[in-house]
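All remarks here apply to the structure that follows.
Derivation of every value follows stated rules applied to the coordinates shown; laboratory data play no part. Values in this document were obtained by computation on a predicted structure and should not be read as measured data. We place every Cβ from the backbone using ideal geometry, glycine too, and count neighbours over all the protein chains shown.
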Amino acid sequence: MKYSLIAAICGLMITTACASAPDYRPALTDDGQGYSSRVIEANRYRVTYRGDTEQTSAEVQNMALLRAAEVTMENGGDWFEIVGDETSGDVRTQQRLAGQDVTTRPELRRECGLLGCTTRGYPVDVRRSDIETETRVIYSHTLEMVIHQGPKPQGNSRAYDAAETAANLRAAID
């Protein structure tokens, strides 16, 4: 019983700790949040990471770099070179009713009949709605990379050591 309680508390703590970290996972659909990788030709891949509404452009770029490092190691490479990359943003707008205000004001109506005209006041409800608009950007970063083996060349700012890049970015995510 005591061990079950301790296990449950530990599980809750792990779940809570992980909830604050970005959700790094494979994308389930083409426009879903997460990463995807495609082979273009031998040792050349296209890697995409699509973020959620809470992730910045820099975070999404780092996730794509992490996936590129993983793809490199999964395919027996030591380092990779980025030969093309692009960041894009998909703007999402959401509107919601923030509040509603109802006021009553008099409205005068003139009614005429056979014996003459009369003017009467009638109460009229006037409704005013406040609509809030929230705009968010969902960033996506796509990079094209070439996988290499052996020592990484010095002086190439587009070349990344796969193991070092993966370790550094995983530490930043966790």
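In this structure, does Thr72 turn out to be of a type in the set (Ser, Thr, Tyr) and not in a strand (DSSP E or B)?
yes
Which residues, counting only those in segment 39-73, are more than 22 Å from Asp23 (Cβ to Cβ) and either free of Cβ contacts under 8 Å to residues at least 60 places away in the same chain or touching a Lys or Arg at 6+ places or on another chain (Cβ under 6 Å) (or both)?
Val39, Ile40, Glu41, Ala42
Does segment 121-143 contain any residue that is touching a residue at least 12 places away in the same chain (Cβ under 8 Å), surrounded by 11 or more Cβ atoms within 10 Å (Cβ to Cβ) and in a loop (DSSP other than H, G, I, E, B)?
Scanning segment 121-143, I find no residue that is touching a residue at least 12 places away in the same chain (Cβ under 8 Å), surrounded by 11 or more Cβ atoms within 10 Å (Cβ to Cβ) and in a loop (DSSP other than H, G, I, E, B), so the answer is no.
So that you can scan it fast, the table gives a plain yes or no per residue for (1) surrounded by fewer than 16 Cβ atoms within 10 Å (Cβ to Cβ); (2) in a loop (DSSP other than H, G, I, E, B); (3) touching a Gly at 6+ places or on another chain (Cβ under 7 Å):
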position: Asp31; (1), (2), (3): yes, yes, no
position: Gln55; (1), (2), (3): no, yes, no
position: Ala58; (1), (2), (3): yes, no, no
position: Gln61; (1), (2), (3): no, no, no
position: Glu86; (1), (2), (3): yes, no, no
position: Ala98; (1), (2), (3): yes, no, no
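Take the residues of segment 74-108 that are touching a residue at least 24 places away in the same chain (Cβ under 8 Å) and of a type in the set (A, V, I, L, M, F, W, C): which is nearest to Val137 (Cα to Cα)?
This residue is Val91.
Answer yes if at least one residue in segment 148-165 is of a type in the set (A, V, I, L, M, F, W, C), in a strand (DSSP E or B) and surrounded by 17 or more Cβ atoms within 10 Å (Cβ to Cβ), and no otherwise.
There is no residue in segment 148-165 that is of a type in the set (A, V, I, L, M, F, W, C), in a strand (DSSP E or B) and surrounded by 17 or more Cβ atoms within 10 Å (Cβ to Cβ).
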